[in-house]
Structure formats: C-alpha cells, structure tokens
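Colleague: First the structure, then my questions, so here it is.
Since every read-out is calculated from the coordinates, none of them should be taken as a lab result. Here the structure is a predicted model, which means the values were calculated and not measured. Because the Cβ atoms are built from the backbone with ideal geometry, glycine has one as well, and the counts that use them run over all protein chains shown.
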Amino acid sequence: MSDSEQAARERALVEEVVASFAGAESERLRELLGALTRHLHEFVRETRLTEEEWAAAIGFLTRCGHITDGKRQEFILLSDVLGVSMQMIAVNNEAVGDATEATVVGPFFVEGSPEVPIGGDLAGGAAGEPCWVEGTVRDVHGEPVAGARIEIWEADEDGFYDVQYADDRVAARAHLFSDSAGRYSFWAVRPTPYPIPDDGPVGDLLKATGRSPMRASHLHFMVSADGLHTLVTHIFVRGCDYLARDSVFGVKESLVKDFEEQEPGSPGPDGRAIDGPWSRTRFDIVLAPAR
Ligand code: BEZ
Ligand code: FE
C-alpha cells in the first residue's frame, strides 16, 4: 500500500467514527465526541503510537482509577500536572475589567469550614508563623461588596492540609464575611511550599520526566456574593521558591503578593501579642459579574 493510500485509510476511519455519533440527540455531545475522536486519532497518527505504548497508557489510566477514592482524585491531579485544569480556567474565566484572576481549586477544599469573625484566626492550631491578611472585596465598578463569603484554606508549615492527617482535625481553613465597606481581615499561617500527592501514577509521571511535585507557597481563596461570579484563586508569596515552576502551572503574576516580615515580637495590627516573627499581606479582591 502506498503512503497516500495508508493515509487515506487512516483518515477514512476517523470520519467513520465521527459519523457514528451522528445520531446523538444533543448537538453539543456530537460536537464534543467528534472533536475528541479527531484529536485522539490525530495523536495516534502523528506519534505513530506503538502497541506497547498504548498498553502502557491504558495501564497508567488503570492505576489512576485504582488509587482514586473518596479522598484521593488522581484524574484531577493528572489534569493539574498536564496544565488542563489551568487551561479550563483560562477558557472559562475570560478577563472582565480588572477582576481578580482565578487559579486551580486543588483537591483540599472542604465544604462546611468553621466561620471566624473579621480579624479572627483560622490557624486552629496549625503549625506556622502567624500571618495577618487584609483587604477588600469590590465589584468591577469599584463598589464595595458587603457580606461576600470568603473561604480560605492552606497547608501548615510542614506542607500538609488538615485532611491529610489521620485524625479529624479542622485547621488552617475557615470562612468569614466582608463588612459593610467590603473589608475583611484574618490571621492565618505564612504559606510554605509543599509537594502535591506524588505517591501514585501522577507522581511516577513527574519522576519519569524530571519534574518537581512542588507547589509555590500559596493561600487558597474562594469568594462568592449574590449576582457576582464566584472567584476561586490563591495568593502566592513573592520571592518564594517554585514560582517559576509550580507543578500545576497555577501561578499568575497578579496573584503574587508581598508577605512583609514584621519586627519579631511587635504587636499585631489588632493589638495581638506575638512572641516571635510574623508577617502581613494585603489582597484586594475584584469580583466579575455573574455570567
Ligand atoms: C493545592 O494547591 O492544594 C493543589 C492543587 C493542585 C493539585 C494538588 C494540590
Ligand atoms: Fe494548595
């Protein structure tokens, strides 16, 4: 068979598979399956994928399935390290005015966090240097957003979220509401770098490609208010390691903030007595209109 006959046969198979979905009632489903078929076949054809490589890929996905349970989601982790999660965010959060940019949610958000008052401490016993965080929530017209729900979660200074410990602790996560002028503030712990879970197939992929599992130091936010688009984002510590090689491609320059070290032992902005070092940062949040 000539090269052109071979190529024609391969293309005919693609079209036959695409056509097999023609009976789908949903136009969107037809579109998605058609595009998936074309891109998947193109991948196989472009790389001239071998039978062994295909078997290895199936084995990899099978291992992802086996390690996934109610607490561990290896497929989302895979999407994260392939940059697909960030591409989803780019596609679904087109820039609106000066609205704050979004980034990955990650696997450690938990519904039902405790509420703390403005100025409260969400550490809940988590190890780490105290860190004062303050800012405002506004809409794209600059109007303060009162009563915005602000969810915050973060790892402790050892790099672990509360849900990664075997006990049932709730620490370094909470929610609070902005005041009538859109202001908020709280005590947290200064974020430090930590590795994403890398003891499964996704970790093997990172090792096989010489990539680090580390994430740049960050504090997660989810901010919601009536009539406004819910923002899921983090702030990153300026100058920390891994900003340029975050394992899930989550860093955006606009989200990198100064975490200013304060005089050790000096009182906090709310008069709190602090023994050792502490730092403070500011994060002014702008919410886009609901879509
Ligand atoms: C996180 O920041 O919590 C996270 C994000 C993506 C994958 C793993 C962890
Ligand atoms: Fe995180």
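Colleague: Using per-residue counts of other Cβ atoms within 10 Å, averaged over each peptide, order 128-138, 237-247 from highest down. Each step should come with its number before you reach the end.
Modeller: Working: 128-138: 21.0, 237-247: 16.3.
With the highest mean Cβ count within 10 Å placed first, the list reads 128-138, 237-247.
Colleague: In the chain, what % of DSSP beta bridges are antiparallel (nearest 5)? Walk me through the numbers on the way to the answer.
Modeller: Working: 30 of 41 bridges.
Percent antiparallel among DSSP bridges in the chain is about 75.
Colleague: What aspartates and glutamates could a cross-link reach from residue 252, if we take a straight Cα to Cα line under 13 Å and drop same-chain neighbours fewer than 8 places away?
Modeller: Cross-link targets: 101.
Colleague: While we're on this one: Tell me which residues come under 5 Å, amide H to amide H, from residue 259 once H is placed; ignore anything under 5 positions away on its chain.
Modeller: Sorted by chain and number, the residues that satisfy this are 238.
Colleague: Further question: For residue 192, list long-range residues whose amide hydrogen, built 1.01 Å from N in the peptide plane, is under 5 Å from its own amide hydrogen.
Modeller: Residues meeting the amide H criterion: 218.
Colleague: For the stretch 213-286, state what percent of all Cα-Cα pairs lands in each successive 5 Å bin, counting from 0 Å until the bin that includes the largest distance.
Modeller: 3, 14, 20, 16, 17, 14, 11, 4, 1
Colleague: Also, quick follow-up: Sum up the charges of everything whose Cβ sits under 11 Å from the Cβ of residue 104, counting Lys and Arg as +1 and Asp and Glu as -1, but leave residue 104 out.
Modeller: With Lys, Arg at +1 and Asp, Glu at -1, the neighbours total 0.
Colleague: Right, next: Write out the GluC sites (Glu not before Pro) in the stretch 22-108 meeting two conditions: DSSP loop, and at most 14 other Cβ atoms within 10 Å of their Cβ.
Modeller: Counting only loop positions with at most 14 other Cβ atoms within 10 Å, the GluC sites (Glu not before Pro) in the stretch 22-108 are 25, 94.
Colleague: Explain nothing, just compute: Karplus ³J(HN,Hα) = 6.51 cos²θ - 1.76 cosθ + 1.60, θ = phi - 60°, for every residue of the stretch 56-63 in order, whole Hz, x for Gly and Pro.
Modeller: 5, 5, 4, x, 4, 5, 5, 5
Colleague: Just need the Rg to Rh number for the stretch 49-196, please, alpha carbons only, Kirkwood Rh.
Modeller: Taking Rg over the Kirkwood Rh, I get 1.06.
Colleague: Taking the Cβ of residue 47 as the centre, find all other residues whose Cβ is under 14 Å away and add up their charges (Lys, Arg: +1; Asp, Glu: -1).
Modeller: Once positives and negatives cancel, what remains is -4.
Colleague: How large is ³J(HN,Hα), in whole Hz, for each residue of the stretch 201-207 in order, when computed from phi with the Karplus curve 6.51 cos²θ - 1.76 cosθ + 1.60 and θ = phi - 60°, using x for Gly and Pro?
Modeller: Each residue's phi maps through the Karplus curve to give x, 5, x, 4, 4, 4, 5 Hz.
Colleague: From the backbone phi of the stretch 278-291, what are the Karplus-calculated ³J(HN,Hα) couplings (6.51 cos²θ - 1.76 cosθ + 1.60, θ = phi - 60°) in whole Hz, Gly and Pro given as x?
Modeller: Working through the residues one at a time gives 8, 9, 9, 8, 10, 9, 8, 9, 10, 9, 6, x, 4, 9 Hz.
Colleague: As I understand it, the dipole of the chain uses +1 on the Cβ of Lys and Arg and -1 on the Cβ of Asp and Glu, about the Cα centre. Which of 254, 150, 174 lies farthest toward its positive end?
Modeller: 254
Colleague: Continuing with the same structure: I'd like the projected area of the stretch 1-67, averaged over all directions, using the convex hull of its alpha carbons. Report it in nm² with one decimal.
Modeller: 6.1
Colleague: Choose one answer from 269, 197, 213: the residue with the largest mean-square fluctuation in a GNM of the chain with alpha-carbon springs under 10 Å.
Modeller: Judging by the Gaussian network model, the answer is 269.
Colleague: Of the candidates 103, 209, 50, which one comes out as most mobile in a Gaussian network treatment of the chain with C-alpha springs shorter than 10 Å?
Modeller: Maximum among the listed residues: 50.
Colleague: Right, something else. Between residue 183 and residues 5 or more places away or on another chain, which pairs have amide H atoms under 5 Å apart, with H built 1.01 Å from N, and which residues are they?
Modeller: Under 5 Å from the amide H of residue 183: 137.
Colleague: Give the average over all directions of the projected area of the C-alpha convex hull of the chain, one decimal, in nm².
Modeller: Working: hull surface 78.4 nm².
Seen from a random direction, the Cα hull of the chain projects 19.6 nm² on average.
Colleague: Here is a follow-up. Highest GNM mean-square fluctuation, the chain, Cα pairs closer than 10 Å: which of 178, 254, 20?
Modeller: Its mean-square fluctuation being the largest, the pick is 20.
Colleague: Could I ask something else about it? Compute the orientation-averaged projected area for the stretch 6-117 from the convex hull of its Cα atoms and round it to one decimal in nm². Please list the in-between numbers first.
Modeller: Numbers: hull surface 48.5 nm².
Averaged projected area of the stretch 6-117's Cα convex hull equals 12.1 nm².
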